[in-house]
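K.L.:
I am attaching a structure below and will ask some questions about it afterwards.
Quick note: the coordinates plus some simple rules give every number you see, no bench work behind them. Values in this document were obtained by computation on a predicted structure and should not be read as measured data. Note: ideal-geometry Cβ built from the backbone for every residue, glycine included; neighbour counts use all protein chains shown.
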Amino acid sequence: MSNPLALVVDDEPDILELVELTLGRMDIDCKTAENVGDAKNLLSSGHFDVCLTDMKLPDGDGIDLVRYIQEQYPNLPVAVITAHGNMELAVEALKAGAFDFVSKPVNLTMLRNLVNTALKLSNQQTGKGGSGSSGSGKRSRSNLIGTSAAMERTRATIAKLARSQAPVYISGESGVGKELVARMIHESGPRASGAFIPVNCGAIPADLMESEFFGHRKGSFTGASYDKEGLFTAASGGTLFLDEVAELPLPMQVKLLRAIQERAVRPVGGNREVPVDVRILSATHKNLADQVAEGHFRQDLYYRINVIELPVPPLRDRREDIPLLAEFFLDRLSGGEASLRPLLATDAVDALDHYGFPGNIRELENILERAMTLCEDNTIRADDLQLSVPVKIRREEDDDFPDDEDNGGGEVPVPDDLPQYLDDMEKQVITKALEEARYNKTLAAKRLGITFRALRYRLKKLGLE
């Protein structure tokens with residue numbers, strides 16, 4: 001099988017020679033061009049597996065060439081070579097469709113990582129992936145459930161973003177499935193064989209944050225009895241998903257920005273930076289632009305992680321997907337055993353269809369899990385759902401629906417922590433059943449209309465054992 005072929009576009013002979021020599025040692029053949037015109041002629045004359053182009057060329061710039069390749073050769077990964085520190089142009093190139101970028105002076109380790117990742121992507125798209133490639137035939141282990149137009153658009157966007165290494169900011173309300181979307185981007189792209197490391201930025205204590213992200217050296221602080229690998233290093237070659245990124249304190253935002261821009265981290269107590277090859281995906285349920293305006297989030301970090309924004313629609317905007325999601329959750333909650341999976345009565349389906357779902361998909365799963373515990377005759381009815389706000393919500397087509405003032409003009413109270421509120425309600429129901437059964441679990445399960453195993457599962461999950 002012939003070697004991969006790279007197109008290198010630069011008007012500096014030293015750069016051309018360096019890149020050609022480096023790729024040659026990787027068994028990659030090269031063709032070179034010194035301007036946009038020559039590059040277009042070469043592109044039309046044969047197939048290339050990867051393209052590297054300088055930003056400044058005698059007859060144009062690299063971004064023009066990126067746009068041309070995106071239009072004419074959309075399956076060709078193209079990376080740009082930028083001047084050191086010129087992140088604005090690098091971000092502009094990524095938005096134009098560049099696969100990735102490398103800064104001058106060219107770091108050869110970063111260059112090799114970039115080219116290897118680009119070749120994996122090229123092999124995926126041409127079907128040439130071998131046993132070590134993620135290959136075009138590989139299906140993502142994660143999947144978005146639903147056939148609504150909103151989901152089809154989201155899936156199409158994910159497929160496009162998986163071909164890039166640009167940082168993606170996944171926006172949306174709590175419970176819409178932002179981590180699932182991040183996993184799909186990772187698993188659909190050339191880094192699928194690498195690690196996917198999700199981290200909840202709001203769950204790490206501020207004094208441990210730097211050590212968690214960048215690692216530490218033995219003896220660097222009290223309690224540091226061994227060298228520790230940080231999250232960036234653990235995700236090297238893969239994807240780091242920064243969930244609830246808005247919760248990062250400002251001092252940590254500065255250090256995170258440097259790590260992303262320099263593609264290197266310095267462990268606490270370390271005396272040198274360690275290169276890392278990581279794709280950054282981030283998310284938060286907060287409006288990040290508002291956080292910037294209020295001074296809670298650095299503007300430069302915002303622009304660095306928000307090269308491309310992917311909004312995930314709330315469940316109320318994709319109601320036609322509710323029956324499919326409900327079937328999926330009921331099947332999973334019953335362990336895939338059809339005999340244990342309850343049926344959804346017509347009134348329950350109608351109740352779910354008209355419910356507002358402030359907690360989105362996560363709330364739907366919690367509602368169904370609770371309803372499985374409470375239902376009788378293996379059938380979930382509307383009453384079993386115990387929806388925490390009125391079932392009916394206002395729709396544009398419901399012209400005969402009473403105005404707010406007909407209901408007293410007040411807003412429906414929604415708990416601040418809906419999952420905890422629902423768990424507390426379920427605890428009360430189960431505790432009452434146990435008390436009435438004198439803590440005979442078999443009898444309590446029978447009165448609740450669930451199996452003994454289901455009751456044991458609920459007791460363990462709710463901390464009632």
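K.L.:
Any idea how far the Cα center of the stretch 421-465 sits from the one of the stretch 305-339, in Å?
P.N.:
If you average the Cα positions of each part, the centres end up 27 Å apart.
K.L.:
Further, regarding this structure: For ARG447 and ASP290 in one chain, what is 0.36 nm times their gap in residues minus the Cα-Cα distance, to one decimal in nm?
P.N.:
The ARG447-ASP290 span can extend by a further 51.5 nm.
K.L.:
Give me VAL292, VAL312 ranked fewest to most by other Cβ atoms within 10 Å of their Cβ, as a rough exposure proxy.
P.N.:
Result, fewest neighbours first: VAL292, VAL312.
K.L.:
Also, quick follow-up: Relative to the longest principal Cα axis of the chain, at what angle does helix 452-461 sit, 0 to 90 degrees, rounded to 10?
P.N.:
60
K.L.:
Continuing with this model, one more query. Rounded to the nearest 5, what % of the DSSP beta bridges within the chain are antiparallel ones?
P.N.:
15
K.L.:
Rounded to the nearest 0.05, what FRET efficiency is calculated for SER45 and ALA159 with R0 set to 45 Å and r the Cβ-Cβ distance?
P.N.:
Result of the calculation: an efficiency of 0.95.
K.L.:
Quick one: which of LYS441/LYS461; LYS31/LYS160; LYS178/LYS286; LYS228/LYS461; LYS432/LYS460 span more than 22 angstrom between C-alpha atoms?
P.N.:
Checking Cα-Cα distances, LYS31/LYS160; LYS228/LYS461 exceed 22 Å.
K.L.:
Arranged by the count of other C-beta atoms within 10 angstrom, fewest first, what order do LYS460, LYS31, LYS432 take?
P.N.:
Ordered from fewest to most neighbouring Cβ atoms within 10 Å, LYS460, LYS31, LYS432 come out as LYS460, LYS432, LYS31.
K.L.:
Okay, next question. Return the distance in nm (one decimal) between the two label points of a simple spin-label model at LEU108 and ASP14, each offset 7 Å from Cα along Cα→Cβ.
P.N.:
Each label point lies 7 Å from its Cα, and together they span 1.6 nm.
K.L.:
Here's another thing I want to ask about it. Starting with the fewest neighbours, write out HIS285, HIS47 ranked by other beta-carbon atoms found within 10 Å of each beta-carbon.
P.N.:
HIS47, HIS285
K.L.:
If you don't mind, there's one more thing I want to ask. By average Cβ neighbour count within 10 Å, what is the ranking of 253-261, 316-324 from highest down?
P.N.:
253-261, 316-324
K.L.:
At 0.36 nm per residue, minus the direct Cα-Cα distance, what do ARG272 and LYS461 gain on full extension? Give it in nm, one decimal, please.
P.N.:
This chain segment gains 63.5 nm when fully extended.
K.L.:
Using only Cα atoms, find the angle between the long axis of helix 418-436 and the longest principal axis of the chain, and express it within 0 to 90 degrees, rounded to the nearest 10.
P.N.:
Once rounded, one gets 30 degrees.
K.L.:
When the Debye formula is applied to the Cα atoms of the stretch 148-269, each taken as the same point scatterer, what base-10 log of I(q)/I(0) results at q = 0.15, 0.16 Å⁻¹?
P.N.:
-0.75, -0.84
K.L.:
Going by average Cβ density within 10 Å per residue, which order do the peptides 51-64, 230-243, 341-354 take, highest to lowest?
P.N.:
Listed from highest to lowest mean packing, they are 230-243, 51-64, 341-354.
K.L.:
Follow-up question, since we're still on this one. Give the angle, between 0 and 90 degrees and rounded to the nearest 10, that separates the Cα long axis of helix 322-333 from the longest principal axis of the Cα atoms of the chain.
P.N.:
80
K.L.:
Counting Lys +1, Arg +1, Asp -1, Glu -1, what net charge surrounds LEU340 among other residues with beta carbon under 15 Å of its beta carbon?
P.N.:
Cβ neighbours under 15 Å give a net charge of -1.
K.L.:
Counting DSSP beta bridges in the stretch 5-126, what percent are antiparallel, to the nearest 5?
P.N.:
10
K.L.:
Using just the Cα positions, wrap the chain in a convex hull and report its mean projected area in square nanometres, one decimal place.
P.N.:
If you wrap the Cα atoms of the chain in a convex hull and average its projections, you get 29.0 nm².
K.L.:
Can you tell me the FRET efficiency between GLU262 and ASN3 if r is taken as the Cβ-Cβ distance and R0 is 30 Å, rounded to the nearest 0.05?
P.N.:
That pair, GLU262 with ASN3, gives E of 0.45.
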